[in-house]
Amino acid sequence: MSLRDQLLKTGLVSKTEAKQVEKQAKSKYHQQRKKKKRGKTETVDTESAAYMAAKAREEEIALAKKLNQQKEAERLQKALLAQVSDMIKAHQVNDIKADIAYHFLEGKIVKKIFVNAKQQKQLSNGDLAITVLDDSHYIVPVPIAEKILERLPEVVVYLNKEKASDVDDEQAYADYPVPDDLMW
């Protein structure tokens, strides 16, 4: 595909402009041939206006490609964010009436979310995960959190991958009874 066709396809030049440039190039070629026949030769200047114009067009095309790539990356990022948002909102299990504060690390900052007793145990066991979306924290099941990790890993802020073994803990502390009035 010629440069002319590429420029027409990208819309940087119209058909009339392309025809004018082509006509000027042909007339210049014919004039040079006539001069050669007369015995007068003229060297072609690589710094001519036509050469500079072609070079400028190539740079414009390269810039347009770069901008298109950036726009495509932004579009993909928005699409991923929309997918993740839909997944979180469809599968979140936050309890409005929860009264137990569950503390977790988000980066280097300790955050808390209110959960019920069942969710607290599931978070500790690694059955639930905590995600953040628009500065709000949501509790989601681990399979959903793993799908989110594939798309946008920065959204999942807490995922306990180590399963707690209740049997080992009970055996290890069997000799130490827990007082009934102990509050955490």
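The values are calculated or read from the model by the stated rules, or taken from the named source; none is laboratory data. These figures come from a predicted structure and were not determined experimentally. With ideal geometry, Cβ positions are generated from the backbone for all residues, glycine too; neighbour counts draw on all protein chains shown.
Whether any residue in segment 79-90 is modelled with pLDDT under 90 and outside any helix (DSSP H, G or I) is what I want to check. Checking segment 79-90: not a single residue is modelled with pLDDT under 90 and outside any helix (DSSP H, G or I). Note on segment 92-103: among residues that are aliphatic (A, V, I, L, M) and without any contact (Cβ under 8 Å) to a residue 40 or more places away in the chain, the one that is surrounded by the most Cβ atoms within 10 Å (Cβ to Cβ) is A98. Annotation note: Cβ proximity below 7 Å between a residue of segment 79-91 that is over 11 Å from L152 (Cα atoms) and not assigned by TED's automatic domain parsing to the domain that holds A129 and a residue that is crowded, with 17+ Cβ neighbours inside 10 Å and among the aromatic types (F, W, Y) (sequence gap 6+ or interchain) occurs for I88/Y138.
The residue list I100, I144 contains one member that is in contact with a strand residue (DSSP E or B) (Cβ under 9 Å, 6 or more places away or on another chain), modelled with pLDDT of 90 or more and more than 30 Å from Q6 (Cα to Cα), which is I144.
Listed here are the residues, each with its yes/no results for (1) out of contact with any Cys (no Cβ under 6 Å at 6 or more places or on another chain); (2) among the aromatic types (F, W, Y); (3) closer than 30 Å to V155 by Cβ; (4) modelled with pLDDT under 80.
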position: G39; (1), (2), (3), (4): yes, no, no, yes
position: R57; (1), (2), (3), (4): yes, no, no, no
position: A62; (1), (2), (3), (4): yes, no, no, no
position: E72; (1), (2), (3), (4): yes, no, yes, no
